[in-house]
Amino acid sequence: MPVKKLDHQYVINVRAPYLITQKLLPLIKNINGQVVFFNSTAGLQTRKQVGQYSASKFSLKAIADSLRLEVREFGINVLSVFLGATATPMQEKIQRDMGREFDPNGFMSSEEIAERIVLIMQKGTVSGITDVTIKDHNTYQRDN
């Protein structure tokens, strides 16, 4: 992959969440809020031809892990959510690029993920949940 693609992945997957968190952190401290980073299972394990994407997601994990240590004294929980394949425009493009037809029913929906994260965040304030991986059944079959 060209280095330009690596730079693009860095800007979107590392720099943007870092800057947004940096700007919002004072507010989060004031309201005893929580931080959620949406990551990817590619941030836990890479595969061929996605090294630059995985590198950016591993970096996001490092930022979340470090921030968690820095803000825990303020009672702020930092949650990293590692998502498998999700019915998004990005997944549609990936499927097309692989020569496959995109059927959103074969992937997790954003609504389903949001429901689960709300439940986790409610529980996370008590138990300190730090990392969660959410995959659909099809992802398990693709990965194994």
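The values are calculated or read from the model by the stated rules, or taken from the named source; none is laboratory data. What you see is a predicted model; the values in this text were computed from it and never measured. With ideal geometry, Cβ positions are generated from the backbone for all residues, glycine too; neighbour counts draw on all protein chains shown. In case anyone asks, the SASA skips ligands and DNA or RNA and just uses the protein heavy atoms, side chains included. Shrake-Rupley method; radii C 1.70, N 1.55, O 1.52, S 1.80 Å.
Assorted remarks:
- Any chance Met90 is open to solvent by 40 Å² or more (accessible area, probe 1.4 Å) and more than 19 Å from the chain's Cα centre (by Cα): no
- Residue check, Val36 in contact with a Leu (Cβ under 6 Å, 6 or more places away or on another chain) and within 21 Å of Thr86 (Cα to Cα): yes
- Scanning segment 64-83 for residues that are part of a helix (DSSP H, G or I) and surrounded by fewer than 18 Cβ atoms within 10 Å (Cβ to Cβ) yields Asp65, Ser66, Leu69, Glu70, Arg72, Glu73, Phe74.
- Among residues of segment 119-132, those that are within 22 Å of Leu44 (Cα to Cα) and either at pLDDT 80 or above or among the hydroxyl-bearing types (Ser, Thr, Tyr) (or both), counted: 6
- Where a residue in segment 17-41 is over 15 Å from Lys61 (Cα atoms) and its partner, wherever it lies, is open to solvent by 50 Å² or more (accessible area, probe 1.4 Å) and part of a helix (DSSP H, G or I), with Cβ under 6 Å and at least six apart: Lys29/Phe74
- In segment 18-50, the residues that are open to solvent by less than 40 Å² (accessible area, probe 1.4 Å) and assigned to a helix (DSSP H, G or I): Thr21, Leu25, Ile28, Thr41, Ala42, Gly43
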